[in-house]
Amino acid sequence: MIEIIIGKYNYWIYITLMMIGFYAMIAKGNLIKKIIGMNIFQTAVILFYISTGKVWGGTAPILWDKAVIYDNPIPHVLMLTAIVVSVGTTAVAIAIVIRIYKEYGTMEEDAILEIERKQAEELRKGNTGQREI
Amino acid sequence: MKDDIIIRVISNLLIPFIQLYALYVLAHGDLGPGGGFQGGVIFASSIILYVLVYGIDEGRKRAHQKITDVLNSVGVMIYGGIGVVCLFFGGYYLQYGKLPLGDLKHASHLGIYGIEIGVEVTVAAVMITIFFEMAGRKSD
Amino acid sequence: MNIAEHFPALVIVIPLLFALITWLAGLINRAFCWVIALTITFLCFLMSFSILNTVMHTGRISYHMGAWEPPWGIEYAIDYLNGFVLVVVSFIAFIVTLYSRKSVGLEIDEEKSPAFYSLYMLLFTGLMGMTITGDIFNLYVFIEITSLSGYALIAIGRRRNSLMASFNYLILGTIAATFILIGIGYLYMVTGSLNMADLREKLPPLYHSRVVLTAFGFFTVGLSLKLALFPLHIWLPNAYTYAPSVVSAIMAATSTKVGAYAMLRILFTVFKVEFDLNVVPVTKILLVLSCIAIIAGSILAISQTNIKRMLAYSSVGQIGYIVLGTTMANQTAMTGSIIHILNHALMKGTLFLVAGCVVYKTGIEDISGLKGMGQKMPFSMAAFTVGALSMVGVPLTVGFISKWYLATGALKAGMWFILPIILISSLLSAIYFWRIIEGIYFAPAVSSQHSEVSTYRSLDHHNPHPVSRSRDDAPPGMLIPTLILAGLCIFFGIAAYIPVSVAEKAANMLLGGT
């Protein structure tokens with residue numbers, strides 16, 4: 001039991017971070033907080049990959065005469081790509097939120113849904129004579 | 001912030017070194033942490049520091065919109081272009097060994113450098129574009 | 001240098017480079033963008049057709065990127081399933097690009113049109129890349145390229161509802177893609193390889209280990225969200241309703257199908273069929289979910305009043321058909337599933353393009369706005385009728401072929417309860433489509449001053465008072481692609497042996513044959 005907690009501490013850290021990010025993405029109402037949660041979520045996965053690449057007694061994966069064991073460089077390379085993807089997604093998300101703020105004047109999801117609901121109500125009220133399905 | 005003498009003097013001193021460091025990170029990507037993406041971000045951060053100290057209009061004069069618009073695409077085209085050039089010399093796509101730049105090891109090395117330069121140009125231009133788009137908005 | 005052997009790489013590189021050249025050309029003159037997009041999609045369609053032809057003659061193609069051998073390098077592996085989906089995706093992209101010029105002029109600001117075409121080509125690159133790659137991390141990269149272009153394309157229009165729809169899709173889509181990344185990490189951790197064919201060899205001794213089961217769970221949930229299988233379809237109705245018409249058409253016709261292809265790859269090529277049947281009863285779970293999707297999609301579509309929202313819910317049902325075929329694990333059902341990838345792309349493409357034509361002419365997206373259009377827009381409404389009959393599954397149309405294969409496959413697997421479900425959903429589709437067709441042909445025209453508030457000011461300056469009953473159809477640039485797709489709905493319903501022969505070989509290969 002103690003071996004599961006102490007021996008695999010990297011997985012516990014990654015799972016805790018991932019759940020914090022996931023909770024923020026789902027439960028928070030402010031759009032910027034959702035984006036921050038998304039960043040935490042993706043960072044947790046990046047940490048997970050890097051932690052699996054470490055080899056006991058290994059040194060940095062650069063050719064050196066005195067080294068025998070190297071770390072695994074592939075997770076690092078994969079995670080460079082994942083970091084770029086994360087940056088791109090955050091940029092697109094923030095651009096959408098800036099436009100949402102200009103159109104609706106607020107960044108809280110509840111207020112935005114309320115405005116949209118009122119708009120749909122007015123659209124429906126203006127057409128009660130034409131509905132014949 | 002340009003009235004504050006300490007910030008102005010220090011950033012004037014540091015910005016060229018930050019840009020040089022960006023090129024260093026790009027060139028030593030295979031010997032230490034680094035590479036194209038990281039170098040590009042550091043280069044963009046030097047321009048962002050300039051804008052933070054001197055204001056957006058001054059910063060726009062240093063990084064013209066037309067130049068960043070074109071450089072956005074040029075870097076990716078360098079990357080793709082090197083791959084297509086490898087096709088012309090008889091190899092598979094992105095097989096740098098077939099480039100006529102010396103023996104196999106040197107050609108591979110230089111091919112990877114070319115690609116990383118392309119990546120750095122695009123990443124720096126894109127980061128500067130994103131910053132200017134988001135910072136330049138006047139609140140209505 | 002034999003260029004034909006480099007087509008697998010060129011079919012990705014050319015749209016990617018020209019996406020950026022489109023942006024640069026747009027800085028000079030905006031009219032170039034459409035021409036470049038059209039030429040490049042046509043070129044890619046020809047290249048993918050040639051690739052499929054080579055595969056049919058010589059078997060599986062394997063292209064090593066950078067001449068690194070797999071499993072150390074990235075490999076592009078094309079077999080029957082791949083080649084089939086490539087041809088479908090590039091053909092639909094070409095047809096929608098042909099259609100897009102006038103529609104984009106109406107629904108998107110003029111100064112954003114270079115950006116639109118650039119994003120469109122990036123979406124196209126991502127879709128082709130997802131289809132052609134043989135390396136699972138490369139699959140993740142292309143999934144993200146597709147998704148990011150999709151989020152930006154949905155938000156690029158003028159409607160402000162599309163922003164919240166795009167943001168919701170972004171949050172959910174990022175969760176799904178990150179789940180796929182976690183699954184890839186677990187598989188890499190345990191086998192050390194990222195190549196699909198190599199994983200197929202290395203995984204069987206590890207089938208009962210917890211890591212592999214968790215990885216499979218993450219893959220299934222992530223891919224189900226991308227392909228909008230029943231409980232995870234929440235993002236789809238809003239995203240397809242409020243996006244510009246061209247974007248709805250291309251995304252409905254291709255991006256969910258490519259997601260279904262990715263799920264087929266993971267379920268049947270990376271993990272063998274024995275895993276799906278014996279170790280984890282995923283086929284039973286997907287069977288239940290797809291049956292619920294088929295019925296729920298049709299029921300939810302009945303109560304909608306907006307055309308595009310109705311078509312979006314109907315898409316949710318049709319995706320249930322595709323997944324249903326994969327769960328029965330016999331060749332006939334799998335053939336039906338693969339052939340439905342082509343058929344649904346044709347049917348939904350037609351229907352969404354007709355909806356775009358109606359929006360272009362009258363600015364109305366509501367079903368009541370279609371009343372009496374049978375006389376005003378005869379060709380578009382004919383295409384709509386063909387698409388609708390095809391969705392219901394009338395013989396001689398393309399929808400009948402896939403339902404036939406699914407039903408025979410279900411009978412062969414001994415699951416007779418699937419037949420009532422297929423029949424009931426066809427009946428429900430008939431209900432909501434017949435309501436519209438009756439309105440089109442048998443009701444008097446409604447003048448546009450009294451009907452639904454127009455979502456878009458109609459750009460049609462030739463006929464400013466469209467109350468007259470004279471013929472006034474969509475411009476030929478928009479009408480001809482619609483009629484081409486509608487014609488193919490009937491053509492492949494009659495000459496079905498052409499795609500079915502490819503689909504049968506693909507199904508055989510997926511289920512473990514040679």
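The values are calculated or read from the model by the stated rules, or taken from the named source; none is laboratory data. On a predicted model such as this, the values are computed, not experimentally measured, just so you know. Quick reminder, even Gly has a Cβ in these numbers, built from the backbone with ideal geometry, and neighbours come from all protein chains shown.
Between C:K284, C:K272, which is touching a residue at least 24 places away in the same chain (Cβ under 8 Å), in contact with a helix residue (DSSP H, G or I) (Cβ under 9 Å, 6 or more places away or on another chain) and exposed (fewer than 15 other Cβ atoms within 10 Å of the Cβ)? Step through it out loud before you land on a result.
Numbers: C:K272 fails: exposed (fewer than 15 other Cβ atoms within 10 Å of the Cβ).
The match here is C:K284.
Taking the criterion of being under 17 Å from C:L483 (Cα atoms) and of a type in the set (V, I, T), the residues of region C:365-393 that qualify are C:T385, C:V386.
Test A:Y23 against the stated conditions and say whether it is at pLDDT 90 or above, out of contact with any Lys or Arg (no Cβ under 6 Å at 6 or more places or on another chain) and either surrounded by fewer than 16 Cβ atoms within 10 Å (Cβ to Cβ) or more than 26 Å from C:L148 (Cα to Cα) (or both). Criteria met by A:Y23. The set of residues from region C:389-403 being hydrophobic (A, V, I, L, M, F, W, C) and either closer than 13 Å to C:Q318 by Cβ or surrounded by fewer than 21 Cβ atoms within 10 Å (Cβ to Cβ) (or both) comprises C:M391, C:V392, C:V394, C:L396, C:V398, C:F400. Filtering region B:49-75 to residues that are crowded, with 19+ Cβ neighbours inside 10 Å, at pLDDT 90 or above and of a type in the set (A, V, I, L, M) leaves only B:V51.
Closer than 27 Å to C:K505 by Cβ, of a type outside the set (A, V, I, L, M) and either away from chain B (no Cβ under 14 Å) or without any contact (Cβ under 8 Å) to a residue 12 or more places away in the chain (or both) - does that describe any residue in region C:29-41? Within region C:29-41 (the criterion being closer than 27 Å to C:K505 by Cβ, of a type outside the set (A, V, I, L, M) and either away from chain B (no Cβ under 14 Å) or without any contact (Cβ under 8 Å) to a residue 12 or more places away in the chain (or both)), the answer is yes, since at least one residue qualifies. Criterion first (surrounded by 12 or more Cβ atoms within 10 Å (Cβ to Cβ), on the phi < 0 side of the Ramachandran plot and of a type in the set (A, V, I, L, M, F, W, C)) does A:W56 satisfy it? Criteria not met by A:W56. Against the condition touching a Ser or Thr at 6+ places or on another chain (Cβ under 6 Å), more than 27 Å from C:Y76 (Cβ to Cβ) and of a type outside the set (V, I, T), how does C:L172 come out, does it pass? It is false that C:L172 is touching a Ser or Thr at 6+ places or on another chain (Cβ under 6 Å), more than 27 Å from C:Y76 (Cβ to Cβ) and of a type outside the set (V, I, T). Could you tell me whether region C:70-79 includes any residue that is part of a helix (DSSP H, G or I) and either more than 20 Å from the chain's Cα centre (by Cα) or more than 14 Å from chain B (Cβ to nearest Cβ) (or both)? No; the residues of region C:70-79 include none that is part of a helix (DSSP H, G or I) and either more than 20 Å from the chain's Cα centre (by Cα) or more than 14 Å from chain B (Cβ to nearest Cβ) (or both). Applying the set (1) within 14 Å of chain B (Cβ to nearest Cβ); (2) in contact (Cβ under 8 Å) with a residue 40 or more places away in the chain; (3) under 26 Å from the mean Cα position of the chain (by Cα) to C:A25 leaves exactly one unmet item: (3). Taking the criterion of being under 17 Å from C:K272 (Cα atoms) and at the interface with another protein chain (Cβ under 9 Å from one of its Cβ atoms), the only residue of region C:164-187 that qualifies is C:I184. If we keep just the residues of region B:61-75 that are more than 8 Å from chain C (Cβ to nearest Cβ) and among the aliphatic types (A, V, I, L, M), which is nearest to the chain's Cα centre (by Cα)? Result: B:L71. Of all the numbered requirements in (1) touching a residue at least 12 places away in the same chain (Cβ under 8 Å); (2) under 21 Å from C:L419 (Cα atoms); (3) assigned to a helix (DSSP H, G or I); (4) among the hydrophobic types (A, V, I, L, M, F, W, C), C:L342 misses one, and that requirement is (2). For region C:304-355, taking the residues that are among the hydroxyl-bearing types (S, T, Y), at pLDDT 90 or above and farther than 18 Å from C:V500 by Cα, the one that is surrounded by the fewest Cβ atoms within 10 Å (Cβ to Cβ) is identified as C:Y313.
Of these, B:G32, B:G90, B:G55, B:G83, which one is more than 27 Å from A:L80 (Cβ to Cβ) and without any contact (Cβ under 8 Å) to a residue 40 or more places away in the chain? It would help to see each step written out before you state the result.
Working: B:G32 fails: more than 27 Å from A:L80 (Cβ to Cβ); B:G55 fails: without any contact (Cβ under 8 Å) to a residue 40 or more places away in the chain; B:G83 fails: more than 27 Å from A:L80 (Cβ to Cβ).
Answer to the check: B:G90.
Hey, could you check region C:1-11 for residues that are more than 9 Å from chain B (Cβ to nearest Cβ) and touching a helix residue (DSSP H, G or I) at 6+ places or on another chain (Cβ under 7 Å) and say which is surrounded by the most Cβ atoms within 10 Å (Cβ to Cβ)? Here the residue is C:V11. Taken across region C:42-52, residues that are over 30 Å from C:K361 (Cβ atoms), modelled with pLDDT of 90 or more, within 14 Å of another protein chain (Cβ to nearest Cβ) and assigned to a helix (DSSP H, G or I) do occur, with at least one present.
Of the set (1) in contact with a helix residue (DSSP H, G or I) (Cβ under 9 Å, 6 or more places away or on another chain); (2) within 14 Å of another protein chain (Cβ to nearest Cβ); (3) within 30 Å of C:A503 (Cβ to Cβ), all apply to C:L119 but (3). Which of the residues spanning region B:1-60 are within 14 Å of another protein chain (Cβ to nearest Cβ) and small (G, A, S)? Within region B:1-60, B:G29, B:G32, B:G34, B:G35, B:G36, B:G39, B:G40, B:A44, B:S45 meet the criteria.
Scanning region C:370-407 for residues that are outside any helix (DSSP H, G or I) and among the basic types (K, R) returns a single hit, C:K371. The number of residues in region B:76-118 that are more than 11 Å from chain C (Cβ to nearest Cβ), surrounded by fewer than 20 Cβ atoms within 10 Å (Cβ to Cβ) and in a loop (DSSP other than H, G, I, E, B) comes to 4.
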